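Step one of this worksheet: look at the structure below.
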Amino acid sequence: MTDRPSSRLDFLQGTLDLLILRTLSAGPTHGHDIAKSIRRRSEDVLHVETGSLYPALHRLEARGWIAATWDLSEKGKRARYYRLTAAGRKHLVGEETKWEKFSRAMRLVLKAAGQEGQ
């Protein structure tokens with residue numbers, strides 16, 4: 001068992017897919033940059049490990065939500081670049097809507113729970 005910093009969070013089912021799709025909505029990039037972007041945008045709270053990232057990318061590609069091509073990275077190394085497809089963009093909109101509803105419901109419940117017993 002490993003101790004992890006308390007500021008890190010485990011992903012809920014489907015969250016990683018949403019984070020990847022959202023990251024790719026800004027434009028094509030390679031896997032390492034996807035993980036770095038998620039970490040940076042979450043203020044170092046969300047860390048995507050390689051063992052989770054690449055299976056998720058393959059799953060999203062199999063579903064037709066992203067497409068991949070080989071190209072040279074900014075460091076001159078061969079890298080697989082991922083981009084959002086039209087189907088992926090459509091799926092992203094639906095998933096963002098679901099997460100907004102879920103997030104709002106959680107805020108409401110947590111706020112109400114904090115007021116109980118007063």
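A few remarks follow.
- Scanning the range 1-31 for residues that are at pLDDT 95 or above and surrounded by fewer than 15 Cβ atoms within 10 Å (Cβ to Cβ) turns up SER25, ALA26, GLY27.
- Pick from the range 84-110, criterion free of Cβ contacts under 8 Å to residues at least 40 places away in the same chain and either of a type in the set (S, T, N, Q) or not in a helix (DSSP H, G or I) (or both), ranking: farthest from LEU57 (Cα to Cα): SER103
- Selection count, the range 66-118, where residues are within 21 Å of PRO55 (Cα to Cα), hydrophobic (A, V, I, L, M, F, W, C) and surrounded by 11 or more Cβ atoms within 10 Å (Cβ to Cβ): 7
- Checked against (1) of a type in the set (Phe, Trp, Tyr); (2) within 15 Å of the chain's Cα centre (by Cα); (3) in a strand (DSSP E or B), TRP70 passes all but condition (2).
- Of all residues making up the range 50-67, the number that are free of Cβ contacts under 8 Å to residues at least 24 places away in the same chain, outside any helix (DSSP H, G or I) and within 17 Å of SER37 (Cβ to Cβ): 0
The values are calculated or read from the model by the stated rules, or taken from the named source; none is laboratory data. Keep in mind that what you see is a predicted model, and the values were worked out from it rather than measured. Backbone-built Cβ (ideal geometry, glycine too); neighbour counts: all protein chains shown.
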